[in-house]
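Here, each number is a calculation from the coordinates, and none is a lab measurement. Quick caveat: nothing in here was measured; it's all calculated off a predicted structure. Cβ: placed from backbone, ideal geometry, glycine included. Neighbour counts: every protein chain shown.
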Amino acid sequence: MTSLSLQTQNSTPFNTAIITAIPGMDSTAIRMTSQEIADLVQVRHDNVKRSVERLAESGVITLPPLEETSFLNSIGRTQHSQVYAFVGEQGKRDTMIIVAQLSPQFLGTVVDRWLELEKQVIEMVRPSYMIEDPVARAKKWIEEQTAKQEAEAKLLEAAKAIEVMKPTVDAYDLIAGKKGSMCFQDAYKFLGGIKLKDMKQWMYDKKWINKDRFGRDSIGYYQNMNGYLVEKVTTHQPQIRITYKGLAAMARQMKIELNAEDFN
């Protein structure tokens, strides 16, 4: 299995804890929009929004709120758009996952932008050396040092988490990109010991498949449009099969890790 190659040259090390670690800092003051992500990683905004929605549906990230925004287009006219707003600690974590999926080579750029946003907020918090009262200044200094130590500890944890996450994300993408499909009897064997009947029940519960008026299985509209399931014509009746893209999506939603080497 290959792993994501993250080019973070000339970037500041990833810090996932500084927002909550600095006393007096309002985490909601630090935010990034899906449009800014698109600009940073040089992809279309609608591609970023689709990735956000797909990862949120799979339970990998939390779906952020939509906000109305306006901007001047290339001919000087005002256009209105909706953007996803990522805020604070959760927002930072989710943007890292999105960029690791879209353009991992730009992960360092996005990290730098978060640190820049955090620095702007930190500068608004009064540091200890600006406090005239010696007792209050000493107390503030202790708070700052404690926060710094906590941030460094969480930084180490975050770096380890990213290393663990990379091959899992990569495996899903590799599998989803394969062409072809398989019958349910073959598919369930890749899902960590789940029984075939449990897999099919999950598909009914999630509306991946439904019963038509003749009592036959039929593909749900969303799964058909996204290419998760396909129908294969047989001599008796059409057979519903799951694509590799569908299997990867199912594993994500079930939180089951797939091994790309099993699909070679």
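Some observations on this one:
- Segment ALA56-LYS197, length gained on full extension (0.36 nm per residue, minus Cα span): 48.1 nm
- Applying both filters, DSSP loop and at most 14 other Cβ atoms within 10 Å, to the trypsin sites (Lys or Arg not before Pro) of the range 173-241 gives LYS179, LYS195, LYS206, LYS207, ARG213, ARG216.
- Exposure proxy shown here: for TRP208, TRP202, the number of other Cβ atoms within 10 Å sets the order, fewest to most, as TRP202, TRP208.
- Least to most buried among ASP217, ASP39 (fewest other Cβ within 10 Å first): ASP39, ASP217
- Along the axis of the charge dipole computed for the range 181-263 (Cβ charges of +1 for Lys and Arg, -1 for Asp and Glu, origin at the Cα centre), the listed residues TYR204, ASN259, ALA249 are led at the positive end by TYR204.
- Over 22 Å (Cα to Cα) - which of LYS211/LYS255; LYS178/LYS232; LYS195/LYS255; LYS179/LYS206; LYS232/LYS255 fall in this group: LYS211/LYS255; LYS179/LYS206; LYS232/LYS255
- Put in order of Cβ neighbour count within 10 Å, fewest first, the listed residues MET254, MET203 become MET254, MET203.
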